[in-house]
Amino acid sequence: MGNCIQGCKDYFSRQKNTNIRLTLPVVCFVWQIAMIILFGVFIRYDEESDTHWVETKAHENITSDIENDFYFRYPSFQDVHVMIFVGFGFLMTFLKRYSFGAVGFNFLIASFGLQWALLMQGWFHSLDPHTGKIYIGVESLINADFCVAGCLIAYGAVLGKVSPVQLLVMTLFGITLFAVEEYIILNLLHARDAGGSMVIHTFGGYYGLAITWVLYRPNLHQSKRMQGSVYHSDAFAMIGTLFLWMFWPSFNSAITDHGDGQHRAAINTYLCLASTVLTTVAISSLSQKTGKLDMVHIQNSTLAGGVALGTAAEFMISPYGALIVGFFCGIISTMGYIFISPFLEKTLKIQDTCGIHNLHAMPGVIGGIVGAITAAAASESVYGKQGLINTFDFTGDFKDRSVLTQGGYQAAGMCVSIVFGVVGGAIVGSILKLPIWGDPADENCFDDEVYWELPDEEEEHQESIPPILEYNNHMIHKQQDL
Amino acid sequence: MGNCIQGCKDYFSRQKNTNIRLTLPVVCFVWQIAMIILFGVFIRYDEESDTHWVETKAHENITSDIENDFYFRYPSFQDVHVMIFVGFGFLMTFLKRYSFGAVGFNFLIASFGLQWALLMQGWFHSLDPHTGKIYIGVESLINADFCVAGCLIAYGAVLGKVSPVQLLVMTLFGITLFAVEEYIILNLLHARDAGGSMVIHTFGGYYGLAITWVLYRPNLHQSKRMQGSVYHSDAFAMIGTLFLWMFWPSFNSAITDHGDGQHRAAINTYLCLASTVLTTVAISSLSQKTGKLDMVHIQNSTLAGGVALGTAAEFMISPYGALIVGFFCGIISTMGYIFISPFLEKTLKIQDTCGIHNLHAMPGVIGGIVGAITAAAASESVYGKQGLINTFDFTGDFKDRSVLTQGGYQAAGMCVSIVFGVVGGAIVGSILKLPIWGDPADENCFDDEVYWELPDEEEEHQESIPPILEYNNHMIHKQQDL
Amino acid sequence: MGNCIQGCKDYFSRQKNTNIRLTLPVVCFVWQIAMIILFGVFIRYDEESDTHWVETKAHENITSDIENDFYFRYPSFQDVHVMIFVGFGFLMTFLKRYSFGAVGFNFLIASFGLQWALLMQGWFHSLDPHTGKIYIGVESLINADFCVAGCLIAYGAVLGKVSPVQLLVMTLFGITLFAVEEYIILNLLHARDAGGSMVIHTFGGYYGLAITWVLYRPNLHQSKRMQGSVYHSDAFAMIGTLFLWMFWPSFNSAITDHGDGQHRAAINTYLCLASTVLTTVAISSLSQKTGKLDMVHIQNSTLAGGVALGTAAEFMISPYGALIVGFFCGIISTMGYIFISPFLEKTLKIQDTCGIHNLHAMPGVIGGIVGAITAAAASESVYGKQGLINTFDFTGDFKDRSVLTQGGYQAAGMCVSIVFGVVGGAIVGSILKLPIWGDPADENCFDDEVYWELPDEEEEHQESIPPILEYNNHMIHKQQDL
């Protein structure tokens, strides 16, 4: 027994092997082939994307092609798509030498995740009981992108410390957990969460935090030199920030009700985010001796308002209500970067590379609470009789639910998302701790060198350099590794 | 009296204090709270974004949700939104060491500006006399973004020379002036200006030029080393240029009439901009000994055609007419960078960092003139009877206006925008001259160091460097400050 | 005779003159003026963008402005527009010192090309026989952008080795050839090719390859130092990759049928591209000793799926079918970069800077084959009777065509596009070989220095540097020329 433990210890502490030439291709091939088979068995076009639409139209007395759901949702879908690949991808390029990993692995796991999400969400939400098929349309694509967002949030916590194989595993389980908690929250509890404060951000945030907590690296300081940003990488990351910020109104309105639902969600999110920017700047300036601003805050906390309005965006929270939510989110999220992140790392041993606790977890919880309160406070005088029914979908089994009850279920939904995030993350983290995934050694974290063929920037003038300059040259190279 | 003047002089010429730790947070907090209160009092959802839309639909016999204005305008809105935050923001990153300020302050003032614009434009254009409320929808958001564009243009003139507090003050007054001149031009004079050649670009251009004229810095050459671009910052700025260029058809068509109005405005702007690129390249190449191209021209003058078609985009200017406008704008704008900008700086003491005179002021005036001429030349044979009425909105009080009269009012509108820009800018400039705003000293202009915590790129290898290399290293650092 | 040959040889081998101060402005001005005249003679607004639309609506009993084609296609158009200018432009910035040329010349030739394309495509596809006019609307703009894409693909093969004047000539002929082959394929053969696997990618690919084959430079190794990427340029190029990747569903669905046609094309492309990413990563990892990924593959091969689904995207290829196409394209395209590109360069003397053979030519041919097979395999049971007619446009002269025949014509179409590309490219290449176009010498290829005024990054500290450091400094500069 003692031997076994010792053996295990040795096994775990041996020199890290980051060779992924076997695992990565195998995982990619096998999973992609699995996707093809499962899609072949389960996935079909829905009636609005099938050539039989011409018959559907005649049958349902639809007069114009423009009433195809495609025209209601495709512009929002494309905005969401940009958020997933450019927004999340570039936001994470702030590290001085991890741009390839940030954008490239984001690209990889999102591409896998959206396929798996179509299946998982399909099985839980839209499996036709008669045919056993899942019928997909543009709304399915948006939901798949949403589902992926949860995993990309989690990626932010472990950025630079895991291998692409670990990320794929993390995504596989993340999507699975997501589909289940989403089913519980939206279908069983019948909570509303169009922009995913709870379902996406709270879950994704705690999922990532739990994983990084399990994967705690006590000697991470060994790669401290790679952990910061440089001037250009910070400017680069603003591409991500801005595309997230600008398109967040599309994110929160992408799957809300046609007509006023989408319209209102976009307005609310637009206002809320504007308000967040001002308070983020205020707190960031307050936090420095001479009032200078910190790019970390501008890159991240300015987005917290969008997260926090994920649930309530479609409600009649009213324009000033949206501003108030943004106001507090900017403050809380920026304070999080200043006070809470160091505390989490030092005391709770949670190493959160991108600060997703401040950008997703906390604002997500705030969003859940805001949603619960505004739902509970909804009234027929504000919403109109039919408006109340439409907004909260008080139909079928839920046609007699009161707004107060709804508020309670909203709160319950938030708890579900936290529990799924924390417990699921802890379990998945333990799986990722197995020493078979090719993760980098502590001193090689945050370095693209490990998983990427880097362009050779130095070769050409190494031959003829006199010794003193050689040394100097060496200094320069270190410096140039921005 | 003499003492007083001496005292004032001393006060003004003392060492600059760029500490904004008090002013910036106070301004952000107070103004944001003011916004919340004013929104609470005045701003409500309009009938298309309110849950009562279901009743409106029934009442107005609207058969499908797709006829909600959201679906007519939201894609264009998002394009405009990208222009405001990514377009304007990144266009200004061309300076070697002012990317944070360019993108970050652009972000800050646009976020404040759009809130204030919703109020100001609401009071002037859409205050309901019965309820005392302003009802907002997607078109209000577009107009708010437009309004902000005027102030961001002005930012281009003072880029690198002012503090964020000054920028916020400049925005507060800029939005206010904008709403008034817009009211005069569009409502009182009943001029047409869908893409804002006059209202946005001419006003914004002269507003910024007047401010920078008042804030003239005779010793700006002290920060000459920071004033240029470097290779990467120039490439970076092309992100801004291209997003502005590509989405300009959306800008000019965003608030034109449903149907053919939006369709035609997009086509005209698309063609006009293509033509501008060719003549910009031609003049740029002509201006250099060996025909090399200058990035400053490509980044800026290629956009002049969009500015100049702001007024006439929705008219029947015809495709070749749009090409002609673009043809001349490319020439004039590029010539402006080569000849007029140096003249303005040397003779008129106008230090125009981004050359907004060439990109916005002049093309804006051209746009106003083009608009006046094409309006005056409009005929029933070309437009059709109803088409003429729709295009120029000859209804209500204006139903008997002739196209010639309309042309005259268009020209009058342009004069109003120039006067508001110049006079308003001069006054606001004087306010910004007060020594309380934390603006940078002449030798610190164009340097992010002043208002931003910059990542520490050099620390790690300063300890063990031998003296000769230290010196050398110092050279390198200077060099590396790209 | 011998003398003449010698004279010619001397003429061709003399010192290269890259002065384009005469040719570039002349070409730009003359061509732009020609465009204005031709637009004046031929181009008019179509009925949906004309002020007479109000009458058309009444006449055709259209109840709502939302049925204007603008609202069906404008969001897709803007996505395509971004692909053309940002996507293609930034994808080519991967070279360490050719970002200005990549983005800037892309901008120039696309701006000229789209004007010329409106005319050429108009003459061939939509010249009104009665009025002799071409009527344009949003679909014409999309088609013009598509046409330009063919030439931008060809630019990828000669990137860094030609002058802007050559590029303009190449575009002039490219657009012309494109319009003819498109007319033959789509109109005469009545093949379907909504996303342009054959018409755009196969043609553009072989056109560029043939040109670069004719322009073969045996001594290109002299500019080897400039031929690679650096860390930042690779990250920059990912902006291009991602915008192409994200918006490809819009590309393939932009001009498909209203309703289910656009809906299905977007879904298919979305799925296909996701699948491509996984197999690209797998093969890229397999190709390196330790499983590291290569940015060249990630930047390019991930897009091959979009190319290969250009023809079949609107067909009922079914979701798993789309995944299968993507699966193989990722493999083949990445293999192309590893094995075929070196072979082409060494054996066939084809110097293909961006590897367009792997990204466009091969996947384009695959797309043509997939299209032919899926067309031949179409059945009424899958498509529905009316669906089959709509999808393949079996109306008018073609109303009795069988799906098998259709499959044959699809295959014939692909041959036409290859022939046009190869023969046309060889001829145009010969024209571009004339020594009058100002192309760079072998040792100056891939260097922005030749055609651009570059910012002066070194000036300030050259005076006082001691000799030893001078040398060292020189090294640094070389190094800094990233």
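How much of the DSSP bridge set in the protein assembly as shown is antiparallel, in percent, rounded to the nearest 5?
30 percent
Assign unit charges at the C-beta atoms only (+1 for Lys and Arg, -1 for Asp and Glu), then state the dipole size of segment C:243-365 relative to its Cα centre in Debye, rounded to the nearest 20.
Charge dipole of segment C:243-365: 420 debye, to the nearest 20.
Tell me, what ³J(HN,Hα) does each residue in segment A:161-166 have, in order and in whole Hz, if you take phi through Karplus 6.51 cos²θ - 1.76 cosθ + 1.60 with θ = phi - 60° and put x for Gly and Pro?
Whole-Hz 3J(HN,Hα) from phi for segment A:161-166: 10, 10, 8, x, 5, 4.
Output, in nm with one decimal and in ascending order, the distances from the B:VAL180 label point to the matching label points of the other copies (7 Å from Cα along Cα-to-Cβ).
Relative to the other copies, B:VAL180 has label-point distances of 6.4, 6.4 nm.
Comparing the chain by itself with all protein chains present, which residues of segment C:291-322 are at least 20 Å² less accessible (probe 1.4 Å)?
C:GLY291, C:LYS292, C:LEU293, C:MET295, C:ILE298, C:MET316, C:PRO319, C:TYR320
Between segment B:32-46 and segment B:83-128, how far is it from one alpha carbon centroid to the other, in angstrom?
Going from one Cα centre to the other spans 19 Å.
Compute the angle between helix A:231-253 and the longest alpha-carbon principal axis of chain A, please, reported from 0 to 90 degrees and rounded to the nearest 10.
Once rounded, one gets 10 degrees.
Rounded to the nearest 10 Å², what accessible area does A:MET316 show when all protein chains are kept and the probe is 1.4 Å?
30 Å²
So what are the ³J(HN,Hα) numbers for segment B:27-38, from phi and the Karplus equation (6.51, -1.76, 1.60; θ = phi - 60°), rounded to whole Hz, Gly and Pro as x?
Whole-Hz 3J(HN,Hα) from phi for segment B:27-38: 4, 4, 5, 4, 5, 5, 5, 4, 4, 4, 5, 5.
What does the charge dipole of the protein assembly as shown about its Cα centre add up to, to the nearest 20 debye, if the Cβ of each Lys and Arg holds +1 and the Cβ of each Asp and Glu holds -1?
Here the protein assembly as shown has a charge dipole of around 2060 debye.
For the rotation that brings chain B onto chain C, whose beta-carbon in chain B is nearest the axis, and what is that distance in whole angstrom?
Chain B residue with minimal Cβ-axis distance: B:PRO75, 3.
Place the label 7 angstrom along Cα→C-beta at C:PHE343 and in each other copy, then list the distances from the first to the rest in nm, shortest first.
Result, one decimal in nm: 6.3, 6.3.
Helix A:467-480 against the longest principal axis of chain A: what's the angle in degrees, Cα atoms only, rounded to the nearest 10?
10 degrees
Work out the charge dipole of the protein assembly as shown with +1 on the Cβ of Lys and Arg and -1 on the Cβ of Asp and Glu about the Cα centre, then indicate which of A:LEU22, A:CYS147, B:ILE255 is farthest towards its positive end.
So the residue we want is A:LEU22.
Between segment C:381-403 and segment C:146-172, what is the C-alpha centre distance in whole Å?
So the separation of the two Cα centres works out to 38 Å.
Rounding to the nearest 10 and keeping the result within 0 to 90°, find how far the Cα-based axis of helix A:99-121 lies from the longest principal axis of chain A.
30 degrees
Which of the lysines could a cross-linker bridge to A:LYS399, judged by Cα under 22 Å and excluding same-chain residues fewer than eight apart?
Correct list for A:LYS399: A:LYS385.
Over chain A, what relative contact order in percent results from Cα pairs under 8 Å that are six or more residues apart?
Normalised by residue count, the contact order of chain A is 23 percent.
Explain nothing, just the number: relative contact order of segment B:128-274, from Cα pairs under 8 Å at least 6 residues apart, as a whole percent.
It comes to 25 percent, rounded to a whole number.
Please say if segment B:133-282 is rounded, prolate or oblate, where rounded means a/c under 1.5 for a ≥ b ≥ c the square roots of the C-alpha gyration tensor eigenvalues, and otherwise the choice is prolate for a/b larger than b/c and oblate otherwise?
Judged from the Cα gyration tensor, segment B:133-282 comes out oblate (a/c at least 1.5, b/c at or above a/b).
Other chains near A:111-118: what is the mean number of their Cβ atoms within 10 Å of each residue's Cβ?
Other-chain Cβ atoms within 10 Å of each residue's Cβ, averaged: 4.
So if I place +1 on the C-beta of Lys and Arg and -1 on the C-beta of Asp and Glu, and nothing else carries charge, what would the dipole magnitude of segment C:166-322 be about its Cα centre? I want it in debye, nearest 20.
The calculation lands at about 700 debye.
Could you report segment C:169-250's accessible area per residue, 1.4 Å probe, as an integer in Å²?
Spelled out: the 1.4 Å probe surface of segment C:169-250, per residue, equals 24 Å².
Nm distances between the label at A:SER402 and the same-position labels in the remaining copies, 7 Å along Cα→Cβ, shortest first?
Ordered by increasing distance: 7.1, 7.1 nm.
How far is it, in nm, from the label point at A:ASN17 to the one at A:GLN386 when both lie 7 Å from their Cα along the line to the Cβ?
Placing both labels 7 Å along Cα→Cβ, they lie 6.7 nm apart.
Would you mind classifying the protein assembly as shown by shape? Square roots of the alpha carbon gyration tensor eigenvalues, ordered a ≥ b ≥ c; an a/c under 1.5 is rounded, otherwise it is prolate if a/b is larger than b/c and oblate if not.
Cα axes put the protein assembly as shown in the rounded bin.
At 1.4 Å probe radius, can you tell me the per residue accessible area of segment A:18-80 in Å²?
For segment A:18-80, the per-residue accessible area is 39 Å².
Estimate for me the total accessible surface buried between chains A and C (protein heavy atoms, probe 1.4 Å, no ligands or nucleic acids), in Å² to the nearest 100.
Answer for the A-C pair: about 7300 Å² buried.
Calculate the FRET efficiency for A:ASP128 and A:LEU434 from the Cβ-Cβ distance with a Förster distance of 41 Å, rounded to the nearest 0.05.
0.60
Here is the link list: A:LYS346/B:LYS161; A:LYS289/A:LYS346; A:LYS16/C:LYS346; B:LYS161/B:LYS289. Which ones come out longer than 29 Å on Cα distance?
Checking Cα-Cα distances, A:LYS346/B:LYS161; A:LYS16/C:LYS346; B:LYS161/B:LYS289 exceed 29 Å.
Could you give the accessible area per residue of segment A:278-431, probe 1.4 Å, as a whole number in Å²?
Normalised by residue count, the accessible surface of segment A:278-431 is 35 Å².
Looking at this model, which pairs from A:LYS133/B:LYS57; A:LYS96/A:LYS292; B:LYS96/C:LYS292 are more than 24 angstrom apart at the alpha-carbon?
Checking Cα-Cα distances, A:LYS133/B:LYS57; B:LYS96/C:LYS292 exceed 24 Å.
In angstroms, what radius of gyration and Dmax does segment A:335-406 have, counting Cα atoms only?
Here Rg and the maximum Cα pair distance are 18.7, 52 Å.
Considering the options A:SER402, B:GLY132, A:ILE109, tell which one lies farthest towards the positive end of the dipole of the protein assembly as shown, charges being +1 on Lys and Arg and -1 on Asp and Glu at the Cβ, about the Cα centre.
A:ILE109
Using the charge dipole of the protein assembly as shown (Lys, Arg: +1 at Cβ; Asp, Glu: -1 at Cβ; taken about the Cα centre), state which of C:LEU38, B:LEU454, B:VAL158 has its Cα farthest towards the positive end.
Farthest towards the positive pole: B:LEU454.
Where the accessible area of the protein assembly as shown is counted over protein heavy atoms with a 1.4 Å probe, how much of it, in %, is carbon and sulfur?
Reported share for carbon and sulfur atoms: 61 percent.
Between C:ILE136 and residues 5 or more places away or on another chain, which pairs have amide H atoms under 5 Å apart, with H built 1.01 Å from N, and which residues are they?
C:ARG44, C:TYR45, C:ASP46
Is the shape of segment A:27-124 rounded, prolate or oblate, going by the alpha carbon gyration tensor and its root eigenvalues a ≥ b ≥ c, with a/c under 1.5 for rounded and a/b larger than b/c for prolate?
Oblate, since a/c reaches 1.5 and b/c is not below a/b.
The values are calculated or read from the model by the stated rules, or taken from the named source; none is laboratory data. Quick caveat, the model's predicted, so the values are computed rather than measured. Positions of Cβ are backbone-derived with ideal geometry, glycine not excepted, and every protein chain shown enters the neighbour counts. Accessible surface areas use protein heavy atoms only, side chains included; no ligands, DNA or RNA. Shrake-Rupley method; radii C 1.70, N 1.55, O 1.52, S 1.80 Å.
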